[in-house]
Amino acid sequence: MHPRSSTVWTACALMILGMGSTAQAAATREKAAEASEAAQGVQMVPTGKGYGVPAKPGQFVPAEEGPQANGIDYHGGPVMKAKGGQKIYILWYGDWATQSPTGKQIVRDMINNITGTPYYNINTTYYQNNIVTRNVKNKVTLKGEADDVAKSAGSALSDTAIRNLIANAITAGTFPADRNGIYFLLTTKDVNATSGFCTSYCGWHTHTSVLSTDIKYSFVGDAARCLSACAAQSTSPNDNPGVDGMASVIMHEMEEAATDPDLNAWWQTSTGMENADKCAWTFQPTFTAPNGSLYNVQWGARKFLIQRNWVNANGGLCAMQYP
């Protein structure tokens, strides 16, 4: 997940309708094209951080035989296809009660209301081994939450520290080792992720092994730390611009974790971009909330401005719903 980088967003700071979002989409495509050109014909693989890198010798998994006509390619890895859907576990890192009193409930309300939505149904177009019935299900359940108010690993987290925080929560029994889970480390605005939060990414996802279980996990920081980089607008439908911006990034990482959990399933071979990367920072159509901010979905009682996702059907397109 790239931040809203470059002069595009300097010039179009809050113009996510029309020109602003179109310009950012063009910038994303340009960056992907530049990465592909820089690779000089070398195949690209995803990083989980919104961009691809050239494959190392022996690393690249060729695209599988079968339908590859939707602008994104299948490389043979698993998707999260369990009938019960994806189980979400959240480690709230930092003092959320002080730093963002409404933040936790905004995120909970979003996760608890996305099952069955036309938006999350986009993920059902991703499947395993070219068997369409082995697809991601339109079901998400918030299964567990825990707090690390004291910030046990400090306020500057390396990728290794983030991995260890998730692993320790599992080995300590705070969370179960759930192969159908996606574990989120959500940090308050006073916490930095030192590998590039606010400069190279707004969130990311990857996987690791804990207790002999393939664990999918994600980092997302409160966008209030860098609204100009990680939020689409300075106002928001839930009157919390940082967490509303964060909500969009959480959805972005959730749908990539579901469709490319081990970074070896679905991505665009020429760029290394995963499904949500192909639509990052595009939101059309949008509507105006009573407080003047923009939104494009209403889930339960709350409105959100959520980035579009790539539909792996009908030739492929960025959309807010499927079909």
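Could you list, in sequence order, all residues of the stretch 126-141 that are in a strand (DSSP E or B) and more than 30 Å from GLN105 (Cβ to Cβ)?
TYR127, GLN128, ILE131, VAL132, THR133, ARG134, ASN135, listed by residue number.
Can you find a residue that is surrounded by 21 or more Cβ atoms within 10 Å (Cβ to Cβ) and either touching a Gly at 6+ places or on another chain (Cβ under 7 Å) or outside any strand (DSSP E or B) (or both) anywhere in the stretch 142-149?
No, that holds for no residue.
For the stretch 170-196, name all the residues that are open to solvent by 10 Å² or more (accessible area, probe 1.4 Å) and either farther than 30 Å from GLY84 by Cα or part of a strand (DSSP E or B) (or both).
LYS189, ASP190, ASN192, THR194, SER195
Considering ILE122, ILE106, ILE166, which residue is part of a helix (DSSP H, G or I), under 19 Å from THR206 (Cα atoms), open to solvent by less than 10 Å² (accessible area, probe 1.4 Å) and of a type outside the set (Ser, Thr, Tyr)?
ILE166
Within the stretch 129-153, how many residues are under 23 Å from GLY316 (Cβ atoms), modelled with pLDDT of 95 or more and not β-branched (Val, Ile, Thr)?
Total satisfying the criteria: 4.
The values are calculated or read from the model by the stated rules, or taken from the named source; none is laboratory data. The shown structure was predicted, so the numbers you read here are calculated from the model rather than taken from an experiment. Please note: Cβ atoms are built from the backbone with ideal geometry, for glycine as well, and neighbour counts cover all protein chains shown. Quick note on the areas: whole protein, heavy atoms, side chains included, nothing else; ligands and nucleic acids left out. Shrake-Rupley method; radii C 1.70, N 1.55, O 1.52, S 1.80 Å.
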